Amino acid sequence: MKKSLLTAIFAVFLLLAIAVPAMAYQNFDLYIDNVKVPTVPNICYGEKGETEGTYYMDAQPQLKDGRAYVPVKVISQYLGADIAWQRPNILIAYGDTSLTLTLGSKTAVKNDAQLTLDAAPYAKNGRTMVPIRFIAEAFGCRVGYANAKVYINTAPLYIDGKKVVSAQNWTRMTMGGFLDECKTNVCINRLYQFLLDSEGEETAVPEYYGEMFNMDVPYFYYMLNEISFMESAGVDGTDIQKFKIYQRMNDYGEILEWEPKGTDLGEWLIYDVTHGKWYKLALTDYNKDFSDITSIGDWVQILNNVA
């Protein structure tokens, strides 16, 4: 009897010994503003064809000793933080907050104040893994965990003191168009910064432009997207700031004298509707970049009147 009991106890300890190392690193799913962060790149469609997107994790997020770790790349790409390495230190800057973490150390520095972490960053398979709760909360995000899922909720965007509740993208077709809306904070913030960064040299108003195709006027600028940041959501919502993206059309090699000819201001233009200013687009492939950044949001079509 005793022998059987000892054998059973030994078997239990053996199973635990096997299970503990296996559970030391547990995978989990990461959600930012309720949108799952993928571990493979999405496909973007630009002027050069299909390319891989940049918004994804290049390593599986893991639970280690009860703490959630993610590749540091997620912090820079999704939140827009600046990352620098001074081995073995990791420097992370976002807004008015700067963090310094050290591989293998639970000591961190936040804006010159030394702190003690409950989990140390580590390197695995060439990737730097950082404790997501500490970093996310340091940058004003809320973090939750349930059912092998970690949820990060980011702060909303404010423009001129007004809270942005959604972003809308109106795409014009030959007859009618469709309106998509996104309420994902991280996407709204990144999209707004993307448009501001896209504003290159201020330029004159194009001679010929509009929302409809015009195949008869060389250097006609056709509106590709109208992007609005909304104070109230929905089709009848109120916008705070609006941008329009225009692409040059009809680049004829030879133009007849009788044909109206506009001024060539560059292939792409961005019009800040709210402030009434035109800019050259400081991008090499707008379609790819726009497709990439909108992929991190949950977009819903709220209007479709294509004839």
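Which one of the conditions (1) farther than 27 Å from Val300 by Cβ; (2) under 15 Å from the mean Cα position of the chain (by Cα) does Thr154 fail to meet, given that it meets all the rest?
Against the list (1) farther than 27 Å from Val300 by Cβ; (2) under 15 Å from the mean Cα position of the chain (by Cα), Thr154 comes up short only on (1).
Can you name the residue in segment 231-248 that is buried (at least 19 other Cβ atoms within 10 Å of the Cβ) and more than 22 Å from the chain's Cα centre (by Cα) and is also modelled with the highest pLDDT among such residues?
Restricting to residues being buried (at least 19 other Cβ atoms within 10 Å of the Cβ) and more than 22 Å from the chain's Cα centre (by Cα), the top hit is Tyr246.
If you go through segment 107-143 one residue at a time, how many are basic (Lys, Arg), surrounded by 15 or more Cβ atoms within 10 Å (Cβ to Cβ) and either closer than 25 Å to Leu157 by Cα or modelled with pLDDT of 95 or more (or both)?
Of the residues in segment 107-143, 2 are basic (Lys, Arg), surrounded by 15 or more Cβ atoms within 10 Å (Cβ to Cβ) and either closer than 25 Å to Leu157 by Cα or modelled with pLDDT of 95 or more (or both).
Would you confirm whether or not segment 185-205 contains a residue that is in a loop (DSSP other than H, G, I, E, B), assigned by TED's automatic domain parsing to the domain that holds Glu267 and under 16 Å from the mean Cα position of the chain (by Cα)?
no
Would you point out which residue out of Gly144, Gly161 is within 17 Å of Val35 (Cβ to Cβ) and free of Cβ contacts under 8 Å to residues at least 24 places away in the same chain?
Within the list Gly144, Gly161, the selection yields Gly144.
The values are calculated or read from the model by the stated rules, or taken from the named source; none is laboratory data. Nothing here was measured: the structure is a model prediction, and the numbers come from that model. Using ideal geometry, Cβ is built from the backbone for each residue, glycine included, and neighbour counts are taken over all protein chains shown.
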